[in-house]
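The values are calculated or read from the model by the stated rules, or taken from the named source; none is laboratory data. In this text, all values refer to a predicted model and were calculated from it rather than measured experimentally. Don't worry about glycine lacking a Cβ; one is built from the backbone with ideal geometry, like all the others, and counts go over all protein chains shown.
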Amino acid sequence: MSKNNQDSLEARYIAMIENNVNVSKSSDLKEFFILVAGIIGFCIILFFSADILSGVFINNMSDKTQAKIENLMSLSVIPMDLNSMADKKYAEQLDFLNKQKLIIKKSNPKLQGKSRFDIFVYPSDELNAFVIPNGTIYFTRGMLNTIKNKQALTFVLAHEMGHYANRDHLKGYSRQIIAGVVLSILTSGQSDSLTSFVQNLGMFNSLSYSRNQERNADLFANSVVLKLYGNNESAIKFMQLIDNKQNIPQFIHYFSTHPAPSERIDLLKHNK
């Protein structure tokens, strides 16, 4: 075979390879990263789209549907019957809180015709209060032993009722379900390192979302306190007490479900 024919044959062979759609014209590593980035981007869009739609549905669901879902959710989180644990020494505070809840409930349409917002004392020495999905509110012994100021107690009560008014529990559970589905799609058949990476990203997103819910509950409680007392000075002092008791570095709160107390104090001071 002549040199010209050989060169021509080689040129046709190269052209055939270049025109073959089954042969990649770029590196395998580059295409892999493009594929992974595309899948991650799709899953992020899917997550936030589903989250937005879920939020719209939850905000507009009927009170009857809300009550049914919340009661089902509460079956697994309601502690033991605490009626007998409400020590007599807390009777005055509980009586005050029960009167305040009726005032708060009456002033906000989102709280009317729903939960009774029963209030119980929880056997813990931590400075804490929490509400479960059906609206039942728990004040720890530590909270009632420490906080005697009525404005501060009203702020804490309104904060927990704010979570219920904003349907935070329903939105939180919805996000967990959506995240679980998206995570299973994204990590199906992938390596453990990718699964761990995606889970960590999801955790930070969840913590950020929770902190935002806490800020909104603070704003709800702050508006209640300002309306009832004309100022929020004792609410600010309560948050300063929390700040002093925690005494932890600021950056730690990026790994927490709650904003830093100093941040919450600034929020209250700027919304007097």
Does region 96-105 contain any residue that is modelled with pLDDT of 80 or more, assigned to a strand (DSSP E or B) and not aliphatic (A, V, I, L, M)?
no
Would you mind stating whether Arg264 is at positive phi, crowded, with 16+ Cβ neighbours inside 10 Å and at pLDDT 80 or above?
no
Report yes if Asp125 is modelled with pLDDT under 95, surrounded by fewer than 19 Cβ atoms within 10 Å (Cβ to Cβ) and not basic (Lys, Arg), otherwise no.
yes
Is one or more of the residues making up region 234-242 modelled with pLDDT of 75 or more, under 16 Å from the mean Cα position of the chain (by Cα) and among the small types (Gly, Ala, Ser)?
no
Over region 122-151, the set of residues part of a strand (DSSP E or B) and within 17 Å of Ile242 (Cβ to Cβ) is Ala129, Phe130, Phe139, Thr140
Does Met203 fit the bill of being surrounded by 17 or more Cβ atoms within 10 Å (Cβ to Cβ), modelled with pLDDT under 95 and among the aliphatic types (A, V, I, L, M)?
no
Kindly establish whether Lys114 is in a helix (DSSP H, G or I), modelled with pLDDT of 80 or more and among the charged types (D, E, K, R).
no
